[in-house]
Amino acid sequence: MMRVSKITIGLALSLILCGIALGLEQFPPPDFVETEHVMPSPTTPNPRLDVYEYVDAVVLLAALGLSSYLVLRKRSRRAVFVLMLFSLVYFGFWREGCVCPIGSTQNVVLSVFDKDYAVPVVVLVFFLLPLLFTLFFGRTFCAAVCPLGAIQDLVLLRQTKVPRWAESALRLIAYVYLGAAVLFAATGSAFLICRYDPFVSFFRLTGGLNVLVLGGCFLLIGLFVGRPYCRFVCPYGVILRQLSRISKWRVTITPDECVHCKLCEDACPFGAIREPASEWPAQDYKKAKKRLAVLILLLPVLMLAGGWMTSGAKRVTARMHETVRLAERIYSEETGQVTDTTDASAAFRATGRAIEELYAEADGIRDKFDTGGWIFGAFVGLVAGVKLIALSVWRQRTDYEASRASCLACGRCYKYCPREHVRLEKLKEPTGEL
Amino acid sequence: MSESGNDNSSLNAGSVSPWYRTAIATAVVGAAFSLIVCLFMAANYGRSRVIDTPAELELLALRAEIPNRPDDEQLLSRIRQLDLEIRQKRARAIFRSRRGSYLLLGGVIVFLIGAKCADSLKKRLPAPPSQDDRQKVQARDATWGRWAVIAACAMLVLGVFSLMAGSRVDFADKGESPLSRYPSIEEVKRNWPSFRGPNGSGISAYTNIPTKWDGETGDGILWKTKVPLGGNNSPVVWDDRVFLAGGDANDLQVYGFDANSGRLLWTGDVTRVRPKPGEEPFEPYEATGYSTPTVATNGRQVCAIFVTGDVGCFDLTGRKLWQKSLGLPESAYGYAASLAIYQDMILIQFDQGGIDDGISELIALDGPTGKVLWRKKRPVANSWSSPVVAGIGDKFQLITCADPWVIAYDPPSGSELWRVECLAGDIAATPVCANGLTFAIEPYSKTVAIRTDGQGEVTETHIAWTNEDGGPDVCSSVTDGEVLLNMADGLLSCLKVSDGTMMWEQDLRAYFYASPSLVGEKLYLLDDKGTMLISEYKPKYKELAKCRLGEECRASPAFADGRIYIRGVESLYCIGGAKADAAKPGVPATAPYPSVEEVNSNWASFRGPGGSGISAYSNIPAKWDGETGQGILWKTKVPVGGNNSPVVWGERAFLAGGDANDLQVYCFDTTSGRLLWTGDVTRVRPKAGEDPFEPFEDTGYSTPTMVTNGRQVCAIFVTGDVGCFDFNGKKLWEKSLGLPDSAYGYASSLAIYRNTILIQFDQGGVDDGISEMIALDGPSGKVVWKQKRPVANSWSSPIVAGIGETFQLITTADPYVIAYDPADGAELWRLEGLAGDIAATPVYANGLVFAVEPYSKMVAIRADGRGDVTETHIAWTNEDGGPDVCSPVTDGEVIIHLADGLLTCLKVSDGTMLWEEDLRAYFLASPSLVGDKLYVLDEEGVMSIAEYKPKYKELAKCRLGEKCHASPAFADGRIYIRGFENLYCIGEKPRQEP
C-alpha cells in the first residue's frame, strides 16, 4: 500500500507542473493586428520537401526488412518492440501519420477509377511494399512498422481475451469498412480511412474533437483489448490477412517442434494462437454437413441480397459526394423547403451553371453508387457467407499454431515456448516440471 | 515482456520486485498528471467554444449594421476592438492547446513507462485450461461464432434499411413550382415592375395617389430610408417590396426594401468584373455613375444591370440566382438603358459604339437561370433609351429606339417585326405606345409617331406624323392616348396624339431628370430639386399642387396603391398612408379590425359574411369540369383532411386539417394555389390513464370552419384545441379548451366580430351546465368574455348579423335560440323552441332569424326582442320538416333549405311553401346564393346551378371529380371548393402577359 504522503507529494508535483499547461502567459502571442501574421492551420500537416517522401519510402523498406528479420530469424520480442517504438516515433509523430499504407489504399483505388488522378509513386510504394513483405514474411508490417498498431500495442496493459465467437462477428467491421472506403474512393466522394483515422490527432497533437474522442476510445479499449483497431477495423489489415494466409514464411510459436506444453495458450493478447483440435464431435458431424451445404447454397443469395440492399441505399450513400450534396441543397432551395442559402449553394449560383446540369451530374454519381453498391453489398455478403462457411468447417490441428491470418507477428509468444528457451540455451530438455 | 492475463497470486507470492512500487507510483503520477492536463485542455476548449461565442455573435450583429450606419465611427471602432479581442483570445487558446498537447503526451509516456515496468516486474505464470473442455469450447465457439456473424449481418441489414428509409430527393420531381413562372397581366398591372411601370408607360394604375406631402416636415411621408449606395435608377415595386440598385467603385448592389416600413430587407452583391492587369481602370461618366439603369422584376426574380455591363439576378428574398458580365459597354456617357421584362425573360438593350462598329445588341436572358435565350445584333449606335414591351393587339412588341432606327422585335424569339429609320444623335428618351402608335423622340429635334402594325422596313409607309418643334433630351414622354406630353429642359409641351399638333406649351422654370407620369387626370412632374408639380393637363396646363421632398432627385417616381416611391440622391421615400382599406378609404391598414365593407367583400367565415351563404359577387363561374380541368384555375392537394370549408381573404385562402398526429392550418395563394404556409396547432394529449381520443368517423379531427379578419386567422379542432396565426403563418397563440363532450364530435365553426373570436362551445346535456359561449381576443388569445349557456351539445355555428345599427351574435342549440351582444357577451334575447341534435346554422334577413330543428321545423324569430321572447317573437313556424346538417339560405324574400336531397323554398313573410324539388342526391354542403342563382353542391362534388324564383329551374350541373363535404366559398369571379383531398379554385384563367 502506497504511503499517503508519497501520493500527496506526487499529486502536488503534478498540480505545480500543470501550471505549465495553462501555457504560462509570460510570452503572449504577438499582436498581429499591426503585422500580417497568418496563424497556421492546426489540422493539416505542413508541406514537406519532395525528397523526404523518398526518404520515407526507403525508411519503410528498411523497417519492413528489419522487422521481418527480427520476427522470423532473430525471434526477439525486445528488438521488435524497439523497432515498433522507432516506427511510432518516425511514421507516427514525426511524419504525422501521413502517408500511411492504410490510407494509400484509397489513392490506389481512385487512380484505378479516375483517369484524371495519378497516384504518386511514393504512395504506391507505401501501398505495395507492406503487401509484398506480407506475401513473403507474414504480417511483419503490423508487428513493428505500422504506427497505428504501435500506439495500440504500447497502451496494452492488462490483456482481456475477446471470446473467439465474438471476434468472428467483430472482424466483419473491417470488411465493411474496406468495402465502404473503396466505394467512396472509387466514386471520388471521400477518403474515409483518412477522415476517420482515430490516431492521427494524437500524432499531430491536434485535431477535431470527434476524431480525438474516437481515438481516445480506441486507446482506452486498447488498455485491455489488444489492438482493437488492427483486429476489427483496419481495412488494410483485411488485405494483409488474406496475403498472410499464403505467405512463404510465417511466425511459428516454437522454433522447431511443439511439445504440447500448453504454456503459450494465453500468451497472445490478440487471440491469434490456435489450439490443437481433434476430430469432429461425432454427434455433430451429420448436422454440420447439412449446415455446410446450406451455407454454401446460401452464399450467392447473401451476395445478391447484400448487393440489392446496398444499391438501394444509393441515394443516401451518394450524399458522401459533395456534388450530390450540393444538388440536394439546391433542390431544397428551389422547391422552397429551405429559404436561406449555404456558401456552397451561393457559390454555385454565382457560377451561372444551369441547375439541370448539376442535377444530371448528381444523377450520374448516384448511378455510380448504384453499381458500386451492388459490388460492395455483394462483397459483404460474400464475406459473411464465407465466414459462416469457415465457422462450419472443422479443422484438425495437432500442434499449437499462430493463426496465419490473425497473427500480428509481435513475437510475444516466443518466450512462452520452452523450445524457444532451449534455442536460447536457457533450458535443458523438458522434465515435465516448470 | 510477459502479458498473461491470469493471476496466480499464490504462485507469485514473494516474486514482486522492489522496483514494482516505484513503477506503480510513476504510473499513478503520470496518469494523474495526464488527467489534470486533459481537464485543463477540455476547459480551454469549452471556453473557446462556449464562453467566447457571445462576443463573436455580437461582432456578427455589429457587422450586419454597417450598411445601415456606414458613417458611424463608434460602431466601426467597436467592431475593430471586438475583432481584435476575439482574435487575441483565439490565438491564446490555440497556444494553450498546443502546450497542453505536449504535456499530455509527456504525461502519457510517463504513465505507460511506469505501468509497463510494473507489469513486467510482476511475473505471472500461465494457466491453460484442461484438456477435457477444449473440444466443447471449440464447438461452442464455432456455433456462437455463426450466430454472432448472423446477428452482425442483421444489424447491418437494419442499418441499411434505416438509411434507405431516410429522405429521398428525386431531382426529376421538381414538385409544384412555388409560383407560376411568370405573372399574369393583372399582376403586372397592379405593380410597378420596371422603368416607368407596366409597359414603360409612366401611367399609374391607381388614382388614389397622394397629392400633398412635405419631405422637410415629414407631412405625408410614410417612411424614408437611406440607400446604402447611390444611383440614378428609379424604384420598382412588386407587392410589398421595393427594389433599387446602387453602385460605386467597390460595390455593385441590389436592395430589397419592405414597402410598408421602408426597412432594408436585403442587399444583393453583384460581383464586379475588374479590369485586367494593364487595362485602364474604369471611370464612369460623372452624371451617370455606376448604377443608372433601373432594375426590373416579375415578382419572381429581380434583375439589375450596371454601367460596367455586370448583370445580377436575385429572387425576391435576396438570394442570388445568377450573375453575368456582358463586358464593359462602349458608351459615351455611360450605359444607362434600363432593363425590360417579358414573362420570365430579361431584355437588355446593349447599344454601344458607333453604327458601323456593329457591336450593339439586344440580349434576352432567362430570368431563373441567366442563360442566353437569344441575342440579336443591332445596326445602331450607343444609346441611353430603354426598351419597352407593349401589348399591341393581341401580341406583344419589344420596341427600341437608337440612332438611327426605331426597331420592334417579337420578344419570345427576338425576330425583328418592323423598323423605321427616323432618329439621330444621342437617343435617351424611352418610347411610349398608345392607340396603335409608338412615339419616339430625337433630342432637341422632333417627336415621331409610328404605326406599329408594320412588317419589315416601314420608314416610308408607317410614320403617322412628325413634330419638329424640338424634343426632350433625357425625359421620356407620357401619353393617355389623346395627348402626348414631352418635358424638355423645363418646357412642357402637349401634342395631340392624332396628328402631333401642339396643344399648349408651359415653361415650368425648373430642370427635370425624371420623366413625367400620369395619375388619372393629373400630371406628376418631379424636378431635380425634388419638388413634385401636380397639375391638370387637359385642356390646358393648370398647376394644382407643389410638394417638396427636401432632397434632390434624378430618378423617376414609382406608383403603387395609394403611394408614391421617390428616390432622392441619398434616400428612398414612400409618400402615402399605411395600406388603405380598399372598401373604406381612410381606414388605416394598421386598424386592428376590418371595416364592414372589407368583411362583406371577403369570405371570412363559414358561409361567408354574416353566415348568410350569399356571394357578394355575381360574376361567379357557372361552368366547369373538374375531370377535364375546364374552368379549374388550380387544384392543390391539402396535406391533411378535414370537413371545414375554405375561408378567403384577399389573395389568401385558408383551410384546416387534422388527424391523430397533427392539427394544422393551411394558407394558400389564391392566384396560384400554392400552399404558402402550414401552421401547427399543438394537440393536448390525453393524460396518463385517460382513454385516447377517437373522433366520430364522420366528423374527423377538423370539421369546424376557421375565421379570419384579414389580420389573424383562427381555427378550432374537434379536440378543443384552438390556434391563431397571422397572415404570414406566425403563430400568435394557441389554447386548449379541453376535449368537448359532444356526441358526434365538436363541429361548430368559429365566428368573428371585429378582432374577437367567438366560439360556441356547446357540450354535454342541458342539465350538465357545461356549454359556454367564449370570446377570445384575436391578437392575444385572452378571454374577452365568457357566458354559460343552458343548452345541450350542438353542431350549429354562431353567426354575427348586422341588425339595424348594431350586431347580434345568434346561436341555436337545444332548447334555446340565444342572441348576444358580441362586444361584451350580454344576452340580448332568447327563445325556447328547439330540440334534438341542432346542426344547421341560423340565418338572418329582414329582421328575422331563421332557426332549424332537424327533420322537424323551421322557426322565424323577430330579432328585435329583449329577454325571453318565446311567447312574443315567433313570427312563424313551418313544421314541414327541416334539414339535418345543411344550413338554409335566404335572400329576404324566400328561404331555401335542403334536407336529404329535398330542396324546399318557403316565403320569408309567412313561411308558406312555394315549391319543393327532389334533387336525388345527398348533400352535406349548405346551399348558396349567387345573384338570382342557387348553387348546391352534393356529396359527389356535383354543383347544381339553378334559378329558384318563381320555381326551381336547373341551369347547369358542374362536376368536380371528387367527393365534397364542405360548403363552397365565393370570391370575385371565383369559387373555392374543398374536396376530400384537394382544394379547387374555379374561375377564368387570367391571360398571361409580362
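When you scan region B:732-762, how many residues do you find that are crowded, with 24+ Cβ neighbours inside 10 Å and among the acidic types (Asp, Glu)?
Residues in region B:732-762 being crowded, with 24+ Cβ neighbours inside 10 Å and among the acidic types (Asp, Glu): 1 in total.
Take the residues in region B:237-256 that are among the aliphatic types (A, V, I, L, M) and in a strand (DSSP E or B); name whichever of them is farthest from B:Arg300 (Cα to Cα).
B:Leu252
Scan the strands (runs of 3 or more DSSP E) fully inside region B:525-576 and keep the ones with 1 or more residues being farther than 25 Å from B:Glu482 by Cα and either modelled with pLDDT of 95 or more or not aromatic (Phe, Trp, Tyr) (or both).
In region B:525-576, the matching strands (runs of 3 or more DSSP E) lie at B:531-536, B:542-548, B:563-567, B:571-576.
Taking region B:100-127 as the search range and keeping residues that are of a type in the set (D, E, K, R) and surrounded by fewer than 19 Cβ atoms within 10 Å (Cβ to Cβ), which one is nearest to the other protein chains (Cβ to nearest Cβ)?
Here the residue is B:Arg124.
Given the conditions (1) closer than 18 Å to B:Ser234 by Cβ; (2) out of contact with any Ser or Thr (no Cβ under 7 Å at 6 or more places or on another chain), which single one is not true for B:Val307?
Every condition holds for B:Val307 apart from (2).
Per-residue answers, yes or no, for (1) among the hydrophobic types (A, V, I, L, M, F, W, C); (2) crowded, with 16+ Cβ neighbours inside 10 Å; (3) within 21 Å of B:Ile150 (Cα to Cα); (4) at the interface with chain B (Cβ under 10 Å from one of its Cβ atoms):
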site: A:Glu265; (1), (2), (3), (4): no, yes, no, yes
site: A:Glu275; (1), (2), (3), (4): no, yes, no, yes
site: A:Ser278; (1), (2), (3), (4): no, no, no, yes
site: A:Lys287; (1), (2), (3), (4): no, no, yes, no
site: A:Arg291; (1), (2), (3), (4): no, yes, yes, yes
site: A:Val294; (1), (2), (3), (4): yes, no, yes, no
site: A:Leu298; (1), (2), (3), (4): yes, yes, yes, no
site: A:Val301; (1), (2), (3), (4): yes, no, yes, no
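Filter region B:238-258 down to the residues that are surrounded by 24 or more Cβ atoms within 10 Å (Cβ to Cβ) and aliphatic (A, V, I, L, M) and list them by number.
Residues satisfying the conditions are B:Val242, B:Leu244, B:Ala245, B:Leu252, B:Val254.
Could you say whether any residue in region A:120-129 is touching a helix residue (DSSP H, G or I) at 6+ places or on another chain (Cβ under 7 Å) and under 20 Å from A:Cys410 (Cβ atoms)?
Yes: region A:120-129 contains one or more residues that are touching a helix residue (DSSP H, G or I) at 6+ places or on another chain (Cβ under 7 Å) and under 20 Å from A:Cys410 (Cβ atoms).
For A:Thr160, indicate whether it is more than 8 Å from chain B (Cβ to nearest Cβ) and among the polar types (S, T, N, Q).
For A:Thr160, the condition - more than 8 Å from chain B (Cβ to nearest Cβ) and among the polar types (S, T, N, Q) - is not met.
Exactly one condition in (1) in contact (Cβ under 8 Å) with a residue 40 or more places away in the chain; (2) open to solvent by 70 Å² or more (accessible area, probe 1.4 Å) is false for B:Leu914; which is it?
Exception for B:Leu914: condition (1).
Would you be able to tell me the number of residues in region A:355-399 that are over 24 Å from the mean Cα position of the chain (by Cα) and β-branched (Val, Ile, Thr)?
6
Could you grab me the full set of residues in region B:44-74 that are more than 37 Å from the chain's Cα centre (by Cα), more than 10 Å from every other protein chain (Cβ to nearest Cβ) and open to solvent by less than 70 Å² (accessible area, probe 1.4 Å)?
Selection gives B:Gly46, B:Ser48, B:Asp52.
Could you grab me the full set of residues in region A:334-365 that are over 21 Å from B:Lys324 (Cα atoms), more than 7 Å from chain B (Cβ to nearest Cβ) and buried (at least 20 other Cβ atoms within 10 Å of the Cβ)?
A:Ile365
Would you point out the residue of region A:201-214, among those that are open to solvent by 20 Å² or more (accessible area, probe 1.4 Å) and in a helix (DSSP H, G or I), that is farthest from the other protein chains (Cβ to nearest Cβ)?
A:Leu214
Return a yes/no flag: does region B:942-949 have any residue that is open to solvent by 20 Å² or more (accessible area, probe 1.4 Å) and farther than 25 Å from B:Pro646 by Cα.
yes
Out of the residues in region B:78-97 meeting the condition of being under 30 Å from B:Glu570 (Cβ atoms) and open to solvent by less than 60 Å² (accessible area, probe 1.4 Å), tell me which one is nearest to the other protein chains (Cβ to nearest Cβ).
Here the residue is B:Asp83.
Hey, which of the helices (runs of 4 or more DSSP H) in region A:77-190, taking only ones fully inside, have at least 2 residues that are under 16 Å from the mean Cα position of the chain (by Cα) and not polar (S, T, N, Q)?
A:101-113, A:121-137, A:140-144, A:147-155, A:164-170, A:172-186
Quick one: which residue in B:Asp344, B:Asp310, B:Asp357, B:Asp351 is charged (D, E, K, R) and within 14 Å of chain A (Cβ to nearest Cβ)?
B:Asp310
For B:Phe668, are the conditions met, namely being surrounded by 21 or more Cβ atoms within 10 Å (Cβ to Cβ) and either out of contact with any Gly (no Cβ under 8 Å at 6 or more places or on another chain) or free of Cβ contacts under 8 Å to residues at least 12 places away in the same chain (or both)?
Judged against the criteria, B:Phe668 is a match.
Yes/no matrix, rows are residues, columns are (1) modelled with pLDDT of 95 or more; (2) among the hydroxyl-bearing types (Ser, Thr, Tyr); (3) open to solvent by 20 Å² or more (accessible area, probe 1.4 Å):
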| position | (1), (2), (3) |
| --- | --- |
| B:Lys788 | no, no, yes |
| B:Ile799 | yes, no, no |
| B:Gly802 | no, no, yes |
| B:Thr806 | no, yes, yes |
| B:Tyr816 | yes, yes, yes |
| B:Gly825 | no, no, no |
| B:Pro854 | no, no, yes |
| B:Asp864 | no, no, yes |
| B:Glu871 | no, no, yes |
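What number of residues within region B:659-681 are in a loop (DSSP other than H, G, I, E, B) and over 13 Å from the mean Cα position of the chain (by Cα)?
So the answer is 5.
More than 10 Å from every other protein chain (Cβ to nearest Cβ) and open to solvent by less than 20 Å² (accessible area, probe 1.4 Å), is that true of A:Gly271?
So A:Gly271 passes the test.
Test each condition in (1) crowded, with 19+ Cβ neighbours inside 10 Å; (2) of a type in the set (Ser, Thr, Tyr); (3) out of contact with any His (no Cβ under 8 Å at 6 or more places or on another chain) for B:Thr904 and report the one that comes out false.
(3)
Just wondering, is there one or more residues in region A:303-319 that are open to solvent by less than 40 Å² (accessible area, probe 1.4 Å), polar (S, T, N, Q), more than 21 Å from A:Gly381 (Cβ to Cβ) and assigned to a helix (DSSP H, G or I)?
No: region A:303-319 contains no residue that is open to solvent by less than 40 Å² (accessible area, probe 1.4 Å), polar (S, T, N, Q), more than 21 Å from A:Gly381 (Cβ to Cβ) and assigned to a helix (DSSP H, G or I).
Among the listed residues B:Leu398, B:Leu423, B:Leu417, which satisfies the condition of being in contact with an Asp or Glu (Cβ under 9 Å, 6 or more places away or on another chain), more than 14 Å from every other protein chain (Cβ to nearest Cβ), free of Cβ contacts under 8 Å to residues at least 40 places away in the same chain and surrounded by 23 or more Cβ atoms within 10 Å (Cβ to Cβ)?
Matching residue, one of B:Leu398, B:Leu423, B:Leu417: B:Leu423.
I want to confirm something. Restricting to region B:364-395 and keeping residues that are within 14 Å of another protein chain (Cβ to nearest Cβ) and of a type outside the set (Lys, Arg), which single residue is surrounded by the fewest Cβ atoms within 10 Å (Cβ to Cβ)?
It comes out as B:Val372.
The values are calculated or read from the model by the stated rules, or taken from the named source; none is laboratory data. Predicted model, so just to flag it, every value in this text is computed and none were measured. Here Cβ is always computed from backbone atoms with ideal geometry, including for glycine, and neighbour counts include all displayed protein chains. Accessible surface is based on the protein model in full, side chains and every heavy atom, while ligands, DNA and RNA are left aside. Shrake-Rupley method; radii C 1.70, N 1.55, O 1.52, S 1.80 Å.
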